[in-house]
Structures are given as C-alpha cells and as structure tokens.
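*Asks:* What follows is a structure written as structure tokens; I'll ask about it next.
The values are calculated or read from the model by the stated rules, or taken from the named source; none is laboratory data. Since this is a predicted model, take the numbers as computed values, not measurements. Please note: Cβ atoms are built from the backbone with ideal geometry, for glycine as well, and neighbour counts cover all protein chains shown.
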Amino acid sequence: MRCGGLTLPLPGAISGPPGTSGLSAFSKVFNMTGTTRSSGGLDDRRKRLLFRCWHRGTREMDLILGQFADAEIGTLTDAELDELEGLIELNDHDLYAAVSGADTLPAAFKGGLFERVKTYGHQGGAA
C-alpha cells in the first residue's frame, strides 16, 4: 500500500520475519512435507522407512505411502516392515497403478499389507 510516496506493509501480507525464508510464512497454513508424525521414539529402520515413504518421487505415492506410514509405522511387525521395504522398492508408476486398480502387483506383494496401503490411496491420499 502506498501512502504519500511511502510503501507501507499490508496488515495481511504474507512474509516472514526479517532474515528468514519467505516459505516460513506458509508453515502456519500447511505442512510442506505432508507428514504429521514425528520420528521420535522410532528405531532406525522405522525412521528410514518413514522418510522413504514420504520421499518417493511422485507426490501421489508420497501421500499414499506417507499417510500409511504416519498412521502405522509404529505398530508394524518385522514381517510387515519387510513387506513395506519390498513395496517401496517398486517403481512408483507400477505401484500407483496397482493402488488405483489399473494394474496388478506380482503375487509376492498381494495380500495384507498392500491391501492396507491401498486403503490409504482410496481414502483420498492421492487426491
């Protein structure tokens, strides 16, 4: 806003404190990473899986696997962690096609854990 040759800050302007990134102003609006879970209290394997689920390469799979990991990572059994490690090694496009029902996964991945992950995709995680 200009007033007599001076530029005054607008009361609703989006800016951070001097010396900070402009993106910090958005931190009050939404979380940039999407994750809602702290990795505090998790063992190293679970921390690594949580991170990898949120950093897939495609935003759709970040949201599906990330939301699943946020909700379930603390309670997964060792066998389920093995399954999740296998799932995250799959190509994002193939995995998303299987989650959306457009394609199928190899038999080794069908079943319990994949079906649970798939529910996060159908709950709007990729919308």
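*Asks:* Regarding region 9-16, can at least one residue be identified that is of a type in the set (Gly, Ala, Ser) and either under 30 Å from ASP103 (Cα atoms) or modelled with pLDDT of 55 or more (or both)? Lay out the reasoning, then the answer.
*Replies:* Of region 9-16, the ones of a type in the set (Gly, Ala, Ser) are 12-13, 15-16.
When the remaining residues are screened for being either under 30 Å from ASP103 (Cα atoms) or modelled with pLDDT of 55 or more (or both), the result is none.
For region 9-16, residues of a type in the set (Gly, Ala, Ser) and either under 30 Å from ASP103 (Cα atoms) or modelled with pLDDT of 55 or more (or both): absent.
*Asks:* Can you find even one residue in region 69-83 that is out of contact with any Lys or Arg (no Cβ under 8 Å at 6 or more places or on another chain), touching a residue at least 12 places away in the same chain (Cβ under 8 Å) and either on the phi > 0 side of the Ramachandran plot or exposed (fewer than 13 other Cβ atoms within 10 Å of the Cβ) (or both)?
*Replies:* No, region 69-83 contains no residue that is out of contact with any Lys or Arg (no Cβ under 8 Å at 6 or more places or on another chain), touching a residue at least 12 places away in the same chain (Cβ under 8 Å) and either on the phi > 0 side of the Ramachandran plot or exposed (fewer than 13 other Cβ atoms within 10 Å of the Cβ) (or both).
*Asks:* So which residues in region 37-93 are in contact with a Leu (Cβ under 7 Å, 6 or more places away or on another chain) and among the polar types (S, T, N, Q)?
*Replies:* Passing the criteria: only SER39.
*Asks:* Taking only pairs six or more apart or across chains, which ones have beta-carbon atoms under 8 Å, a first residue in region 94-116 that is over 15 Å from THR58 (Cα atoms) and touching a residue at least 12 places away in the same chain (Cβ under 8 Å), and a second residue that is aromatic (Phe, Trp, Tyr) and part of a helix (DSSP H, G or I)?
*Replies:* LEU105/PHE114; ARG116/PHE68
*Asks:* Consider GLY86 carefully, then state whether it is small (Gly, Ala, Ser), modelled with pLDDT of 90 or more and within 18 Å of GLY121 (Cβ to Cβ). Give the steps one after another, and end with the answer.
*Replies:* Details: small (Gly, Ala, Ser): yes; modelled with pLDDT of 90 or more: yes; within 18 Å of GLY121 (Cβ to Cβ): yes.
Answer is yes for this residue.
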